[in-house]
Amino acid sequence: MDKPNLEIDKVQSQVMTLERPKKLKILVVDDEPDNLDLLYRTFRRDFNVLKADSGVNALQVLAAEGEVAVIISDQRMPEMKGTEFLSKTVPQFPDTVRIILTGFTDIEDLVEAINAGQVYKYITKPWDPGELKAVVQRAAETYDLLKQRTEELRRAHAQMALLSVLVQVTQAASNLEETLAPIARAVSETFGAEGCILQLTDGNTLVPTQGTYSDTGTIENWLSLDPLTKEAIATGQMQVSLNVLKDTKLVDAIHYQKTGVQAHLVIPISYRNQLLGVLSLQWKQPCTLREDELVLINLSAQLVAIALTSSRHQTTV
């Protein structure tokens, strides 16, 4: 790809408008209504606070809402102790940070829970609001850091896996056309897209030669009619609409309505300033892309360009 940083800058403003910072979700659990309300009011400005009045109900909340960053639970509750409840959340939500509130000397339960990695910290009741806020803030930062590192590892593995597939495909294929569909599938799976089209160009014109992948088995190719594709070819830069229904530039593009595609990214595949084709990633729901994900997509496009060039070279040799 040529000048990938400029392409990222061009689309980053759109990404930033759609990717609003979201409050982290935390869950507070206490069987005493006054304490539960106090916990809710303490954290509602900084977090999206869920609440439950028992361990059983808290498990139901998690089943409905999914992972939360932090759980703050009272220890002494009817039916289920706080440590017992927290231990039940570990298998499904290992990254969640857990804090226990205790007004009793349940040292044995607490030590066991802490040693098992189920409790990040315990706070004695009555708690100091400033101390509790500081502990929860550190817990949220710990959760954020863990998620960030996990995502970095995932992206690194995804890129290595994609590189491996591209090398294998290039070596195994006897002609250029045979490489296109496997590449489309590998790219689609790497970025979690429901559909992907890799279509070649002659100059600035799309040609019939293409490779496609869809998780449903079929995908309609309307790239020649698509405003984003035309712009990508004309400018040589990535084009993206992360929420098609709200994109005024695409209001007349009826193919989006027909196929249900709600997010579309088109990136030109170029090698040494020569346009080889375009890569279309399609999602059936609005999505967000961070800047680091855009960088990974650009790097992947460069790998695809090298693979296509290598395949063309093998075909002509």
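For segment 281-316, give me each residue that is modelled with pLDDT of 80 or more, open to solvent by less than 20 Å² (accessible area, probe 1.4 Å), among the polar types (S, T, N, Q) and out of contact with any His (no Cβ under 7 Å at 6 or more places or on another chain).
Asn298, Ser300
Can you pull out the residues in segment 197-232 that are aliphatic (A, V, I, L, M), within 27 Å of the chain's Cα centre (by Cα) and under 13 Å from Gly277 (Cα atoms)?
Ile197, Leu198, Leu223, Ala232, listed by residue number.
Would you be able to tell me the number of residues in segment 219-240 that are in contact with a Phe, Trp or Tyr (Cβ under 9 Å, 6 or more places away or on another chain) and either within 18 Å of Thr288 (Cα to Cα) or free of Cβ contacts under 8 Å to residues at least 12 places away in the same chain (or both)?
So the count comes out to 0.
Tell me which residues, restricted to segment 225-259, are in a helix (DSSP H, G or I), within 23 Å of Asn204 (Cα to Cα) and of a type in the set (S, T, N, Q).
Selection gives Thr229, Thr235.
I need the full set of residues from segment 52-75 which are within 16 Å of Val97 (Cα to Cα), open to solvent by 10 Å² or more (accessible area, probe 1.4 Å) and either touching a helix residue (DSSP H, G or I) at 6+ places or on another chain (Cβ under 8 Å) or not charged (D, E, K, R) (or both), in order please.
Correct list: Leu59, Gly66.
Matching residues to (1) closer than 27 Å to Leu242 by Cβ; (2) surrounded by 19 or more Cβ atoms within 10 Å (Cβ to Cβ):
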| position | (1), (2) |
| --- | --- |
| Ala156 | yes, no |
| Leu162 | yes, yes |
| Thr170 | no, yes |
| Leu180 | yes, yes |
| Gly192 | yes, no |
| Cys196 | yes, yes |
| Pro208 | no, no |
| Gly211 | yes, yes |
| Ile219 | yes, yes |
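Residues being surrounded by 20 or more Cβ atoms within 10 Å (Cβ to Cβ) and either in contact (Cβ under 8 Å) with a residue 40 or more places away in the chain or among the aliphatic types (A, V, I, L, M) (or both): count how many of those fall in segment 251-269.
Summing the residues that are surrounded by 20 or more Cβ atoms within 10 Å (Cβ to Cβ) and either in contact (Cβ under 8 Å) with a residue 40 or more places away in the chain or among the aliphatic types (A, V, I, L, M) (or both) in segment 251-269 gives 7.
The values are calculated or read from the model by the stated rules, or taken from the named source; none is laboratory data. Fair warning: this is a prediction, and the values are worked out from it, not measured in the lab. Using ideal geometry, Cβ is built from the backbone for each residue, glycine included, and neighbour counts are taken over all protein chains shown. These area figures cover heavy atoms from the full protein model, side chains too; ligands, DNA and RNA do not enter into them. Shrake-Rupley method; radii C 1.70, N 1.55, O 1.52, S 1.80 Å.
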